[in-house]
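Have a look at the structure below, then the notes.
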Amino acid sequence: MALSWRSWLANEGSKHLFLFFWLSLNVWLFGKTFLLYNQGLQYYYLHQMLGLGLCVSRASASVLNLNCCLVLLPMCRVLLAFLRGSQKVASKKTRRLLDKSKTFHVTCGITICIFSVIHVAAHLVNALNFSENYNEEFVTLNAANYRGEDPRKLLFATVPGLTGVIMVLVLFLMCTASTYAIRVSNYDIFWYTHNLFFVFYMLLMLHVSGGVLKYQTNLEEHPPGCFNPNKTLRQNLTVPKAFEELLPDYTTEPFPEDLPVPEPFVQNSFVRVCSEEPKFQSHFPETWFWISGPLCLYCVERLYRYIRSNKPVTITSVISHPSNVLEVRMMKDDFEARPGQYVILHCPRVSTLESHPFTLTMCPTDTKATFGVHLKVVGDWTERFRDLLLLHSNQDTEILPIFQQRRYPKLYVDGPFGSPFEESLNYEVSLCVAGGIGVTPFASILNTLLDGWKCYKLRRLYFIWVCRDIESFRWFADLLCMLHNKLWQENRPDYINIQLYLSQTDGIQKIIGEKYQALNSRLLIGRPRWKLLFDDIAKCNRRKTIGVFCCGPNKISKILHKLSNSSNSYGTRFEYNKESFS
């Protein structure tokens with residue numbers, strides 16, 4: 001498969017351009033801060049005491065400031081949904097870039113971890129240098145109280161040191177609990193540790209308020225490294241020859257000939273003489289400027305989301321589907337959503353703090369206010385949620401609404417939030433690929449097309465659904481059949497191309513039921529031959545741009561991503577999109 005630069009630029013160009021800009025900004029900040037503390041006159045005496053440890057610690061701190069600022073923005077879900085849905089962002093490429101918000105959040109998080117290690121290592125060197133290079137002339141500049149003081153006191157007995165140690169522990173917990181293995185095996189650990197970010201930011205506010213590193217404020221009255229004759233006389237020190245003619249009254253003994261005159265003493269043939277002692281002052285915490293805006297924005301959004309989702313929804317029906325899948329239909333006043341969006345469900349009786357995202361499979365319309373989600377029972381949260389909703393947990397053997405009168409637990413819905421699948425109706429041709437329960441984003445799109453397809457740009461939809469067992473197709477078999485029959489009645493049978501693949505089977509199987517005959521004829525055994533599928537679609541849609549949407553296993557996603565960037569002989573371009581909850 002040869003790479004198509006046209007397709008690659010369409011799929012990866014904006015992402016890599018943004019990444020290059022972000023990387024350049026990090027490099028520029030690091031280099032600018034490093035040179036400032038290495039060559040800046042206001043840090044002359046501090047640099048003499050601490051050396052490169054000062055430069056590295058401050059340069060890494062500037063990178064941390066930037067990324068601690070940016071890491072919160074991708075988590076502002078309401079803002080991202082507003083930018084996408086309100087068409088404030090007119091460019092489709094820019095809207096697709098918003099889909100990478102989770103990836104950017106992870107990238108900033110990894111950068112914070114890496115530069116935190118560098119920052120801590122540099123400050124360990126600084127603590128040692130503060131102790132060993134204690135300067136009795138500049139008492140206020142020293143962080144240590146005396147020469148040879150135990151550096152561990154600077155780490156555990158000062159506000160910056162103690163908060164730094166706790167921040168490292170918090171960051172370690174957040175980082176390790178964010179790994180794929182822990183998220184899959186025990187999502188609760190990831191959820192609770194990740195919410196320690198608020199503790200991290202509060203500690204960060206305290207960390208920068210310690211004022212350990214100081215700069216010189218009186219550069220005009222005391223140029224760094226200048227000669228102070230009054231101090232020389234008081235201390236009975238020798239005066240270099242450069243000052244004998246200029247200050248004859250202060251000359252005491254000849255300056256040793258074998259010692260060169262220090263460079264700071266003479267610049268441009270002028271002698272630099274001090275008029276007063278150096279004065280030092282702590283920096284105003286710059287970190288506050290970096291993180292206060294995004295942190296306030298995130299807090300305001302969380303408050304808005306809390307108020308918006310404070311009223312519980314009304315659960316209208318609960319349906320148990322085969323293969324441990326539960327459908328929940330509900331109603332909520334003034335709830336609006338677009339096909340492809342997702343919501344976050346919170347049930348206090350299941351967990352006080354924990355909540356989970358689920359894609360909408362049914363959106364409210366002008367004629368019906370009901371919306372719904374399908375969730376697969378695969379973990380502790382979904383198991384407890386199912387047991388609360390169903391009278392008996394073994395009722396998953398048949399698709400049957402529960403009509404018994406019972407008191408459902410309170411359920412709160414936060415959202416809706418944007419996803420890549422909102423764009424599927426904005427292409428003339430779309431290819432939607434689902435793996436197992438990954439069909440849920442496309443269910444809302446199919447429901448929307450069932451209500452009416454003429455108002456959308458979409459004119460041809462390729463729908464590929466891969467499942468391991470035959471029963472899984474029954475989740476949306478009725479929906480597919482109704483849409484198929486509707487399009488046939490409207491003389492548009494080519495509007496949707498349905499292909500169902502049964503990846504694991506012991507023999508020829510069919511979806512049980514006479515009404516599913518239209519689906520049985522489209523049921524194939526085995527896995528799709530993706531290269532042939534892409535070639536066939538490209539051949540039928542020459543010189544068109546096709547939106548590729550995938551929600552399923554990473555293996556399928558990687559194959560589709562690679563094929564979307566490959567060239568074809570028909571001039572067809574595939575633009576790749578993938579579901580990723582932020």
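To keep it simple, each residue is scored yes or no on (1) touching a His at 6+ places or on another chain (Cβ under 8 Å); (2) more than 30 Å from V377 (Cα to Cα); (3) touching a residue at least 40 places away in the same chain (Cβ under 8 Å).
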position: V170; (1), (2), (3): no, yes, no
position: T176; (1), (2), (3): no, no, no
position: Y180; (1), (2), (3): no, no, no
position: R183; (1), (2), (3): no, no, no
position: H194; (1), (2), (3): no, no, no
position: G210; (1), (2), (3): no, yes, yes
position: K214; (1), (2), (3): yes, yes, yes
position: P223; (1), (2), (3): no, yes, yes
Taking K241 as meeting all but one of (1) out of contact with any Phe, Trp or Tyr (no Cβ under 8 Å at 6 or more places or on another chain); (2) modelled with pLDDT of 50 or more; (3) of a type in the set (K, R), write down the number of the exception.
(1)
Within the stretch 130-150, count every residue that is polar (S, T, N, Q) and under 12 Å from V212 (Cβ atoms).
2
If we keep only residues of the stretch 368-382 that are out of contact with any strand residue (DSSP E or B) (no Cβ under 8 Å at 6 or more places or on another chain) and either outside any loop (DSSP other than H, G, I, E, B) or open to solvent by 30 Å² or more (accessible area, probe 1.4 Å) (or both), then the residue farthest from S472 (Cα to Cα) is K368
From the list F156, F104, exactly one residue is aromatic (F, W, Y), under 23 Å from T287 (Cβ atoms) and surrounded by 15 or more Cβ atoms within 10 Å (Cβ to Cβ). Which is it?
F104
Looking across the stretch 552-582 at residues that are among the charged types (D, E, K, R) and farther than 23 Å from G418 by Cα, the single one that is most open to solvent (accessible area, probe 1.4 Å) is K555
Report, by residue number, each residue of the stretch 20-46 that is touching a residue at least 60 places away in the same chain (Cβ under 8 Å) and of a type in the set (A, V, I, L, M).
L41, L46
If I filter the stretch 350-364 for residues that are open to solvent by less than 50 Å² (accessible area, probe 1.4 Å), more than 25 Å from L450 (Cα to Cα), over 25 Å from the mean Cα position of the chain (by Cα) and of a type in the set (A, V, I, L, M, F, W, C), do I get at least one hit?
yes
If I filter the stretch 305-328 for residues that are open to solvent by 20 Å² or more (accessible area, probe 1.4 Å), closer than 20 Å to L353 by Cβ and touching a helix residue (DSSP H, G or I) at 6+ places or on another chain (Cβ under 8 Å), do I get at least one hit?
no
Options A181, A157, A177; residue that is touching a Phe, Trp or Tyr at 6+ places or on another chain (Cβ under 6 Å) and over 25 Å from S62 (Cβ atoms)
A177
Just one of (1) buried (at least 23 other Cβ atoms within 10 Å of the Cβ); (2) touching a Ser or Thr at 6+ places or on another chain (Cβ under 7 Å) trips up D451, so point out which.
(1)
Any residue in the stretch 141-150 that is at pLDDT 85 or above and part of a loop (DSSP other than H, G, I, E, B)?
no
For the list (1) open to solvent by less than 20 Å² (accessible area, probe 1.4 Å); (2) under 20 Å from I114 (Cβ atoms), I need the number of the one condition that F20 fails.
(1)
Take the residues in the stretch 526-551 that are assigned to a loop (DSSP other than H, G, I, E, B) and open to solvent by 30 Å² or more (accessible area, probe 1.4 Å); name whichever of them is modelled with the highest pLDDT.
R529
Among the residues in the stretch 184-202, are any small (G, A, S) and open to solvent by less than 70 Å² (accessible area, probe 1.4 Å)?
no
Subset of the stretch 343-355 that is within 20 Å of T314 (Cβ to Cβ) and in contact with a strand residue (DSSP E or B) (Cβ under 9 Å, 6 or more places away or on another chain) - its residue that is modelled with the lowest pLDDT
S355
Tell me, yes or no, whether the stretch 481-498 has at least one residue that is out of contact with any strand residue (DSSP E or B) (no Cβ under 7 Å at 6 or more places or on another chain), at pLDDT 80 or above, closer than 16 Å to H374 by Cα and in a helix (DSSP H, G or I).
no
Being touching a residue at least 12 places away in the same chain (Cβ under 8 Å), open to solvent by less than 40 Å² (accessible area, probe 1.4 Å), over 30 Å from S424 (Cα atoms) and under 17 Å from the mean Cα position of the chain (by Cα) narrows it down to one residue among N126, N67; which is it?
N67
Give just the number: which of (1) part of a helix (DSSP H, G or I); (2) open to solvent by less than 20 Å² (accessible area, probe 1.4 Å); (3) of a type outside the set (K, R) does I437 not satisfy?
(2)
Restricting attention to the stretch 71-87, and to residues there that are out of contact with any Phe, Trp or Tyr (no Cβ under 7 Å at 6 or more places or on another chain) and buried (at least 19 other Cβ atoms within 10 Å of the Cβ), which single residue is nearest to M167 (Cα to Cα)?
V71
Outside any loop (DSSP other than H, G, I, E, B), modelled with pLDDT under 85 and either farther than 28 Å from V328 by Cα or open to solvent by less than 20 Å² (accessible area, probe 1.4 Å) (or both), is that true of L519?
yes
For G13, the lone unmet condition from (1) open to solvent by 90 Å² or more (accessible area, probe 1.4 Å); (2) within 30 Å of R573 (Cα to Cα) is (1)
Selection status of E398, at pLDDT below 85, open to solvent by 10 Å² or more (accessible area, probe 1.4 Å) and in a helix (DSSP H, G or I):
no
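The values are calculated or read from the model by the stated rules, or taken from the named source; none is laboratory data. Predicted model only: the values in this text are computed from it and were never measured. Cβ atoms come from the backbone with ideal geometry, glycine included; neighbour counts cover every protein chain shown. In case anyone asks, the SASA skips ligands and DNA or RNA and just uses the protein heavy atoms, side chains included. Shrake-Rupley method; radii C 1.70, N 1.55, O 1.52, S 1.80 Å.
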